[in-house]
Amino acid sequence: MALDFEKMDGIIPAIIQDVYTKNVLMLGFMNREAYEKTMETKQVTFYSRTKQRLWTKGETSGNFLNVVSIEEDCDHDTLLIKAVPTGPVCHTGSATCFNDENKYGIQFLSYLQDFIDKRHHDMPEGSYTTSLFQSGINRIAQKVGEEALETVIEATNGTNGRLVYEAADMLYHLIVLLSEKGLRIEDLAEALYCRHNKKKEDYDKNCGL
């Protein structure tokens, strides 16, 4: 079904969300021309209701919103646009128009998984991640074990800073291992969620084992 621009006299609201942090960045409006330009250029363009013209976010500041995906709601009269901002979104200099900090949290792991998966697909020369994939599953698994041991050592005899450093190394190599096996970090999150919400005796039956 086509987008319904008629409910609001030729415009529809467009919610802009950071594709990686999942934070809502701003809300704007599009007419059909703004929507089509956004689709064509892959940079978010709005319709200004006050100036009655199109404006591309970032055309003055350089802080563009680069489109990753565009989804419409069930009534076909609202858009959810997932984008990558190239700088602060709000004209006040804030990261979002709601004065939120747009920083990576736990969602960065999904971004890192995407990055490692792309390395697995492209295999660029000179990349450490590429060299891991080229070394094969046994070496990747061995690296996870080595980093896990170093994490344990820092936990028992080191500093918190070193513990975080070594645990991050372990997690990176674990994601490489998952990618090599055709899995993702989200699969681990799903398994943990399932364990949390199921009785232990039902885990094997209900959680995919």
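Numbers for the structure displayed
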item	result
Whole-angstrom gap from the stretch 55-121 to the stretch 128-205, using each part's C-alpha centre	28 Å
Counted charge near Gly93, where neighbours are those whose Cβ lies closer than 14 Å (Asp, Glu -1; Lys, Arg +1)	-2
Cα gyration tensor, the stretch 108-206 - rounded (a/c under 1.5), prolate or oblate	oblate
Normalised contact order of the stretch 1-63, rounded percent, pairs of Cα under 8 Å and 6 or more residues apart	21 percent
Calculated [θ] (222 nm, deg cm²/dmol) that DSSP helices of n ≥ 4 give over the chain, each run adding -39,500 (n - 2.57)	-14000 deg cm²/dmol
Relative contact order (percent, whole number), the stretch 108-206, Cα cutoff 8 Å, 6+ residue spacing	29 percent
Ranked list, fewest to most other Cβ atoms within 10 Å of each Cβ, for Glu36, Glu147	Glu36, Glu147
Calculated FRET efficiency for the pair Ala189/Ser61, C-beta based, R₀ 25 Å, to 0.05	0.10
Relative contact order (%) - the chain, alpha-carbon pairs under 8 angstrom, separation at least six	15 percent
Rounded, prolate or oblate (a/c below 1.5 giving rounded, otherwise prolate when a/b exceeds b/c) for the stretch 12-85 by Cα gyration tensor	oblate
Correct option for Cα Rg over 2.2 N^0.38 Å [calculated from the coordinates] among (1) 1.33; (2) 1.00; (3) 0.94	(1)
Of Lys57/Lys82; Lys22/Lys103; Lys22/Lys118; Lys118/Lys181; Lys7/Lys51, those spanning more than 19 Å from alpha-carbon to alpha-carbon	Lys22/Lys118; Lys7/Lys51
Calculated FRET efficiency for the pair Glu71/Val164, C-beta based, R₀ 35 Å, to 0.05	0.45
Net charge, Gly161 excluded, C-beta distance under 15 Å - Lys, Arg +1, Asp, Glu -1	-3
Residue exposure sequence - Lys22, Lys37, Lys51 - by fewest surrounding Cβ within 10 Å	Lys51, Lys22, Lys37
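Taken together, the values in this text are just the output of simple stated rules run on the coordinates, not laboratory data. As the structure is a computational prediction, the values presented were derived from the model and not from experiment. A quick note on method: Cβ atoms are made from the backbone with ideal geometry, for glycine too, and the neighbour counts reach across all protein chains shown.
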